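Please read the structure below before turning to the comments.
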Amino acid sequence: MQSVRALLAKPLAQKAVRNFGWLVVERIGRLVLGVLVGLVVARYLGPAELGSLTYAIAMVTLLGFLPELGLDSVLRRELLKTPDRTPALLCTALLLRLGAGTLAYAGLVGLVALGFGGSSVERRLLLIVGLILFQPAAYLNELWLQVQLQAKRGTIVQLGALSVSACLRLWLVSSGASVPAFAWVIIGELVLCTAGYYWAARGLGLRWPLRPADGATTRWLLTEAWPLMFANLAVIIYLRIDEVMLRYLADAQAVGVYAAAVKLSELCYFLPTALAASVLPALLRAREQAPAVYAARQQQYYDLSAGVAYLLSVPIALAAPWIVRLAYGEKFADAAPILSVHIWASVFVFLGVARGQWLVNEGLQKFYLAATLSGAVANVLLNCLFIPRWGGLGAAYATVVSYALAGWLASYCHPAVRVAARAQTLALLIPLRAWSYLRRR
């Protein structure tokens, strides 16, 4: 296995590191602008109103699997392998996602019209936040920027939109605005990002004028992506079903307290996605070289993912009471034990995302679907058992167990995936193996 220094000396690795660095800059900017302002908004709204807004977002997110169509990983792979087909791929994906987004939003409107969705304020929030269902179609230019390792341009767009959004949120707090106004700001940020991604990609020469969807490309994309679409549904279920179930098994205030903890815990969830986008070109190149080289790169990827997760989880778990008091104040004190438990789910999120890209590369999307469905079912069942007894803390325990099942343990259940299971297990032992990396420097 190559030393870290030798690996980083490669031009492609250096480009990936720079790309990842810009993604980290984007998250730090989001932390400063978005999260800190979000904490001000949370203090202003209080647990109950924050819970209502969080519930609406969670409900819409559960429908988000449909407009996304599971296409992201497939599109990344194909845009890298066949760049000459970029206009056809993007146009077909746009039309597919617009159609699916319209269908999903119409279904949401129908549910609200039938009286489903909670209180009248929560139903109004659902109709506003539901416009997020068009985001997968609107962000295709951003997906292309990821493939080109142009995180710098994407970061500038996101931070610009977030700056405007943060200023609007602070103005709403100072003017005593109601909850729906904050929902509209979310949609405004989406519109600004869409315009920014379009001009950033256009500046790099991307042109894909709208054309009728190609029938063969449409059928091929849907055939490749449908397992990932339902796998994404399963992922969304065990990411957001906790908040929906808390709303009905407890109340909006319990959702607000839980959401406060989860917001802090999930601050690091962008990192595995950023890593995946940054190392994918190197992994595909290693796959073309030799099995041993590919296996070594994969193990390094798993080790890096687990190492970063541990470096984040341990201090956050230990400092949870102090972090919650500093972030939200005493009204949210019950979020501290939830945070100290929920943060450990990030270890399995990191490893699950790393394995997910490998599964796509190897054409094992159906296993990914089965694994994530098992995690979703486990999460729902555990929530039914744990929430009535322990409330938000029970939901946190259910999350950690279900993430471990879907992102790691399920890998042992399929012969073709056991090689990944062994690599993941070695990565989980990285605190005991870190010396081997340091010795090779």
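Using 0.36 nm per residue of separation minus the Cα-Cα distance, give me the extension gain between ALA295 and ARG325 in nm, one decimal.
Working: separation 30, 0.36 × 30 = 10.80 nm, distance 4.43 nm.
Result: 6.4 nm gained on full extension.
For the pair ALA106 and THR82 in one chain, pulling the backbone fully straight at 0.36 nm per residue adds 5.2 nm over the alpha carbon distance. Site pair LEU385 and VAL191 shows an inter-label distance of 4.8 nm when each label is modelled 7 Å from Cα along Cα→Cβ.
Leaving out ligands, DNA and RNA, and with a 1.4 Å probe, what % of the accessible surface on the chain is carbon or sulfur? Before the final figure, lay out the partial values.
On the way: 12810 of 18870 Å².
Taking all protein chains in place, the chain shows 68 percent carbon and sulfur surface.
Think of a 1.4 Å ball rolled over the protein heavy atoms: the range 132-178 then has 41 Å² of accessible area per residue. For the range 112-268, what does the relative contact order come out to in percent, with C-alpha contacts under 8 Å and a separation of six or more? So the answer I get is 22 percent. How would you classify the range 287-441 from its alpha-carbon gyration tensor, with a ≥ b ≥ c the square roots of the eigenvalues: rounded for a/c under 1.5, else prolate if a/b is greater than b/c, otherwise oblate? It comes out oblate by the Cα gyration axes. Put the Cα centre of the range 183-207 next to the Cα centre of the range 350-401 and the gap is 32 Å.
Residue by residue, the range 253-268 carries 3J(HN,Hα) couplings of 5, 4, 5, x, 5, 5, 4, 4, 5, 5, 4, 6, 5, 8, 4, 8 Hz when phi is fed to the Karplus relation 6.51 cos²θ - 1.76 cosθ + 1.60 (θ = phi - 60°); x denotes Gly or Pro. In the distance distribution for the chain, Cα-Cα pairs more than 36 Å apart total 24 percent.
With a Cα cut-off of under 26 Å and a minimum spacing of 8 residues unless on different chains, the lysine pairs in the chain number 8.
The values are calculated or read from the model by the stated rules, or taken from the named source; none is laboratory data. Everything quoted here is computed from the prediction, not taken from an experiment. Note that each Cβ is placed from the backbone with ideal geometry, even for glycine, and that neighbours are counted across all protein chains shown. To get the accessible areas, we keep the full protein, side chains included, count just its heavy atoms, and leave off ligands, DNA and RNA. Shrake-Rupley method; radii C 1.70, N 1.55, O 1.52, S 1.80 Å.
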